[in-house]
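Written below as structure tokens is the structure these notes are about.
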Amino acid sequence: MAHASLEPSAWVLRWAHLVAPGGEVLDLACGPGRHARWFAARGHPVTALDRDREALAALAGVPGVTTVCADLEDGSPWPLEARRFAGIVVTNYLHRPLFRKLIDALAPAGVLVYETFMAGNERYGKPSNPDFLLAPGELLAAFARELTVAAFEQGRVARPKAAMIQRLCALRAHAGEVALEP
């Protein structure tokens, strides 16, 4: 999905402090790399993955960012099989078969920050296909069994545009180890 701006998501910014200083970050389905750029500017090595070569080309020469061009939905093997990340960011993208891969790709104490559209978004525009809209509580159900949930939200937002969304921040950590404030 194309982004109107390169401003990072407020949800990602809210939880970015949980990513270990200097820890490697995966920006999955990164588009033009708004989150990849933000994390790289703060000293994190970033792997920016997308199937759109043109979008990835926008990241050429950005210090600290390595791009990977891969279609995650065509049945090809997961291109980052042995890699573990201190942070994984997913925004405006949903491919349910990747949920297990995301859990496995988190390093110990790693953080997953996920934000995407849910059922009801069809009233506001695209995506409107139910295959690309989460069911109520779906992110929570998908990740809470194996990760410690720091925060979960779902509902209508007005910015950056009216939409129905779900947001999750979860860690491979014990609840008592999660710093909820920077």
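Observations, loosely collected:
- Count of the range 97-138 residues which are in a helix (DSSP H, G or I) and either open to solvent by 20 Å² or more (accessible area, probe 1.4 Å) or at pLDDT 95 or above (or both): 14
- Search result, residues across the range 116-125 that are more than 10 Å from ALA163 (Cβ to Cβ) and in contact (Cβ under 8 Å) with a residue 12 or more places away in the chain: ALA119
- Selection of the range 6-38 for residues being assigned to a loop (DSSP other than H, G, I, E, B) and closer than 14 Å to CYS169 by Cα yields SER9, VAL19.
- Where a residue in the range 133-149 is farther than 14 Å from ALA119 by Cβ and of a type outside the set (Asp, Glu) and its partner, wherever it lies, is part of a loop (DSSP other than H, G, I, E, B) and open to solvent by less than 30 Å² (accessible area, probe 1.4 Å), with Cβ under 7 Å and at least six apart: THR148/ALA173; THR148/VAL178
- Test: residue in the range 25-37 that is in contact (Cβ under 8 Å) with a residue 60 or more places away in the chain, over 14 Å from ASN92 (Cβ atoms), open to solvent by less than 20 Å² (accessible area, probe 1.4 Å) and of a type in the set (A, V, I, L, M, F, W, C): yes
- MET164 meets each of the listed conditions (1) surrounded by 13 or more Cβ atoms within 10 Å (Cβ to Cβ); (2) outside any strand (DSSP E or B) apart from (2).
- Residue match in the range 65-74 (condition: touching a residue at least 24 places away in the same chain (Cβ under 8 Å), assigned to a loop (DSSP other than H, G, I, E, B), at negative phi and surrounded by 21 or more Cβ atoms within 10 Å (Cβ to Cβ)): no
The values are calculated or read from the model by the stated rules, or taken from the named source; none is laboratory data. Please read these numbers as outputs of a predicted model, since none were measured by experiment. Please note: Cβ atoms are built from the backbone with ideal geometry, for glycine as well, and neighbour counts cover all protein chains shown. Side chains included, ligands, DNA and RNA excluded: accessible areas come from the protein's heavy atoms. Shrake-Rupley method; radii C 1.70, N 1.55, O 1.52, S 1.80 Å.
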